[in-house]
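Participant: One structure coming up, written as structure tokens, with questions to follow.
The values are calculated or read from the model by the stated rules, or taken from the named source; none is laboratory data. Everything numeric here is computed off the predicted structure, so don't read it as measured data. Ideal geometry is used to build each Cβ from the backbone, glycine not excepted, and the neighbour counts take in all protein chains shown.
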Amino acid sequence: MNRFEIEKVDISYFCNTEAHIGEALFKIASERHEVTTIKYAPAGAVLVGISLNDVIEIDLSKYHIPRNTALIGSKVEILKRGKITICLPPLEIPCGQPLYIDKHGKITWKYSIYKIGKTISSQDESGHIKALIKI
């Protein structure tokens with residue numbers, strides 16, 4: 001995920017697993033304000049949005065936290081609605097193509113159970129495409 005125009009962001013959740021910018025986050029049904037990646041999501045977890053932070057485990061006494069980075073256990077910014085630019089393998093994906101979350105938590109154009117939006121431009125020669133996210 002390269003660029004984005006945010007319309008709606010949710011900052012009410014804590015993330016207790018490592019996650020990357022652009023990765024799908026799921027709410028754990030038994031926890032009120034905890035999200036996780038698809039890798040650790042139990043059955044029944046609900047898609048809440050796309051991570052706008054890299055969530056990492058780091059020793060604060062040795063390193064500085066980069067911008068758009070959060071520590072494991074911290075609150076994270078979750079994109080619920082907005083326009084983003086993503087890079088997919090160049091396959092001539094048309095404008096209006098539905099977008100989904102794949103089994104690895106990444107954005108894809110291939111059909112999956114989690115529909116998250118659609119493309120709003122045609123894919124350029126370098127693989128970049130603009131997408132409208134609505135979760």
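Participant: Would you check if Glu5 is of a type outside the set (Phe, Trp, Tyr), at pLDDT below 85 and not in a loop (DSSP other than H, G, I, E, B)?
Facilitator: Taking the combined requirement at face value, the residue satisfies it.
Participant: Could you list all residues from region 8-20 that are at pLDDT 90 or above and crowded, with 16+ Cβ neighbours inside 10 Å?
Facilitator: Residues satisfying the conditions are Tyr13, Phe14, Cys15, Thr17, Ala19.
Participant: Next question. Among (1) in contact (Cβ under 8 Å) with a residue 12 or more places away in the chain; (2) surrounded by fewer than 14 Cβ atoms within 10 Å (Cβ to Cβ); (3) among the acidic types (Asp, Glu), which single condition is Glu34 missing?
Facilitator: Of everything listed in (1) in contact (Cβ under 8 Å) with a residue 12 or more places away in the chain; (2) surrounded by fewer than 14 Cβ atoms within 10 Å (Cβ to Cβ); (3) among the acidic types (Asp, Glu), Glu34 misses just condition (2).
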